1. Mind checking which residues of the stretch 53-82 are touching a Phe, Trp or Tyr at 6+ places or on another chain (Cβ under 7 Å) and either part of a strand (DSSP E or B) or outside the structural domain of residue 118 (by TED's automatic domain parsing) (or both)?
2. Taking the stated definitions as given, is residue 50 in the same structural domain as residue 155 (by TED's automatic domain parsing) and modelled with pLDDT of 90 or more?
3. Please work out which residue is nearest to residue 57 (Cα to Cα), limiting yourself to the stretch 299-357 and to residues that are at pLDDT 70 or above and hydroxyl-bearing (Ser, Thr, Tyr).
4. I need a count of the residues in the stretch 114-146 that are of a type in the set (S, T, N, Q) and either over 22 Å from the mean Cα position of the chain (by Cα) or part of a strand (DSSP E or B) (or both).
5. Residues 36, 58: which one is at pLDDT below 90, farther than 26 Å from residue 581 by Cα, out of contact with any helix residue (DSSP H, G or I) (no Cβ under 6 Å at 6 or more places or on another chain) and of a type outside the set (Phe, Trp, Tyr)?
6. Could you please find all residues in the stretch 99-108 being surrounded by fewer than 16 Cβ atoms within 10 Å (Cβ to Cβ) and either at pLDDT 85 or above or part of a strand (DSSP E or B) (or both)?
7. Considering only the stretch 27-49, state which residues are farther than 22 Å from residue 78 by Cβ and either surrounded by fewer than 16 Cβ atoms within 10 Å (Cβ to Cβ) or touching a Lys or Arg at 6+ places or on another chain (Cβ under 6 Å) (or both).
8. Show the residue pairs meeting these rules: Cβ distance below 6 Å; 6+ apart or different chains; first residue within the stretch 599-615 and in contact (Cβ under 8 Å) with a residue 12 or more places away in the chain and closer than 16 Å to residue 134 by Cα; second residue of a type in the set (Ser, Thr, Tyr) and assigned to a loop (DSSP other than H, G, I, E, B).
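The values are calculated or read from the model by the stated rules, or taken from the named source; none is laboratory data. In this text, all values refer to a predicted model and were calculated from it rather than measured experimentally. Here the Cβ positions follow ideal geometry from the backbone for every residue, glycine too, while neighbour counts run over all protein chains shown.
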Amino acid sequence: MKQSIKKLIFTIFACFFACACAVAQSSFVTTKVEQHAVNGHDDLVELVFSFSMQPGWHVYGPDNDGGPTPMTISFEQLEGARAEGGIQLSPTPIRIQDPLFDCEVTFVEKAATAKQRLRLTGGKWHASGYLRYGACNDQNCLPPTPVEFTFNGELKKAAKAEAAPVEEKKDAEEANASPAEETADTLSAAEATSAMPADISASTLWTPVIDELKALDLEQNTSQRSLWSLFFLGILGGLIALVTPCVWPIIPMTVSFFLKRAKDDKKKGIRDAMLYGLSIVVIYVGLGLLVTLIWGPSSLNALSTNAIFNLFLFALLVFFAASFLGGFEITLPSSWSTKMDEKANSTSGVLSIFFMATTLVLVSFSCTGPIIGLLLVDMVTSGSIVAPTIGMLGFAIALAAPFTLFAMFPTWLKSAPKSGNWMNVIKVVLGLVELAFALKFLSVADLAYGWRLLDRETFLCIWILIFALMGFYLLGWIRLPHDEDEYDDEGNVIARPKIGVIRFLTALCTLAFALYMVPGLWGAPCKAVSAFAPPMWTQDFNLNSNTVEAVYTDYESGMEAARKAGKPVMLDFTGFGCVNCRKMEAAVWPDAKVRQLMTEDFVLISLYVDDKTLLTETREVTESDGTTRKLRTVGDLWSYLQRSKFGAQTQPFYVLVDHEAHPLAPAYSYDEDIEKYVRWLEDGLQRFRRPKP
């Protein structure tokens, strides 16, 4: 049994690092377009668009109707040829029922090709235009992206083909019509954008503020979740690990060893104990540095959103929870600790003490491993490159401090609590907490794949049961097989052991928390768990009908309205096919505080980057890399605004700006933490109201 558990541990950590390396890549979609001849057909050519997608990204197919952005091809010029058939996508697209859009959607992943055939009618031919596609990953969506092409050639011998029926010719002409030939009714939808200056770069509202936004983002990252908070989180984890059955009983033995080792020189014993504690710190900080080196700074944010990685984290935490609940005991190979013990005995000085500290780390792994795993999961997914190192520093200091303090003041050991069943109670409570947190990572994968296994009410039901069972266990109503029996003076087992005050109060809090979540089954916000529970739209029975909708969907007119109202602006770069935009609007915006701030204190402007309304005229703009791009639709315009002014291209993307379109707070993306969203809005509002120099 122990051998199988050891193998399972090694397999878990191998998968852990493999998943981390997989998500460390950058999330982009690259395209290439080529012209190919069709074998055996001189009068046929194919336009071949090749897609290469990084893990986690997918491109939607051409037959999506009413859902995400479908793949379409538009010909601006088509002479001497005509389009034959539609876009053929290879491999066969994946087809699923999307619960958010309530329709079937198709998409391809990893690599794919899209082909469009052209029938040459004779003589010289020319084809130019663009293919437009939509792409998303588990967190963001790219704006509808055009892939422009221009090809020409000559069919020396005209193809003999019968004249097409009149209706077929009419359909072909309509399909190949230039966007400029659309009806006036279609163009009238873009009248607001036509009022903008011809050179939009000359408008102050379009001036790039990328550097300002980065400066504010750096300020937020160092203030909202500072390194001190990570450090204290690590200390909390170390204190919890300290009172587990694998660590607490070792303290008296270790302190006694150091005192006996230097009984003639008390200072030497204290010095050795301090070196012992420092060695523990070095080992755990080294673990934090190792995690940082493996994942690197570019992949930490991706870890929190990658569906496969979140599914693995769910399994890992369930594994740790089962260990704490008494299902089995996680142990590293005994040969490791034996070798470290031999090294400690065969060496002397600082090296001997370091090997002793390593032995402690290995022996106590069955209790510290799950706690370290939970801490590293939280710190790695926080997105900070130094988070694992800082967290492990706090953990190690809290774990090592008692060994040094008790060596310096041996009399304190007499007043320290004795080992007993209370340490096992702590393990069980931690096991239930890890089981609850594991569901958060399962929820991320569930939403990404559309399984609908863990809707909001299902999630809340499981959490209610977990914390209710925790309360019952703390009250002594439930016992697990490895709980120690208590005996009376006559040696008889006490059926109902006495419950201490702290344990009783803890049980009261957990039962109260379980009751607090019950109204959430009918749509109550339950803000305390909003950062963990699935979004509100996954709930089938919801009595909460509060919604927030933007009054303005045009940038210039919305900014003008904000100037007249004297309010700051919230720019919402979104898309009709953006899944995570809908999640934010359903899970965060209906909150009472969020709704009040957005409707009363801000002017909300929603800019849809996949809006296909045609501009009155096609505009050419120069991107930051020097390339020229054509803006044909309103969505193209808002997508260019997001790229050029704010340096971003994924949705959802929220920016708070003043009347000159200067940022008031860092940009905000997909994050369903309502309290964080409220702080973000309040910070921007406070900055707007400050007197200007």
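1. 58, 59, 60, 74, 79, 81
2. In short, yes.
3. The extreme case among them is 323.
4. So the first thing to find is which residues in the stretch 114-146 are of a type in the set (S, T, N, Q), and the list is 116, 121, 128, 137, 139-140, 145.
If we keep only those that are either over 22 Å from the mean Cα position of the chain (by Cα) or part of a strand (DSSP E or B) (or both) as well, we get 116, 121, 128, 145.
Of the residues in that region, 4 qualify.
5. Details: 58 fails: farther than 26 Å from residue 581 by Cα.
Matching residue, one of 36, 58: 36.
6. Of everything in the stretch 99-108, those that are surrounded by fewer than 16 Cβ atoms within 10 Å (Cβ to Cβ) and either at pLDDT 85 or above or part of a strand (DSSP E or B) (or both) turn out to be 103, 104.
7. Of all residues in the stretch 27-49, those farther than 22 Å from residue 78 by Cβ come to 27-30, 39-40.
Once the filter is applied, which keeps residues that are farther than 22 Å from residue 78 by Cβ and either surrounded by fewer than 16 Cβ atoms within 10 Å (Cβ to Cβ) or touching a Lys or Arg at 6+ places or on another chain (Cβ under 6 Å) (or both), the stretch 27-49 yields 28, 30, 39, 40.
8. 610/69
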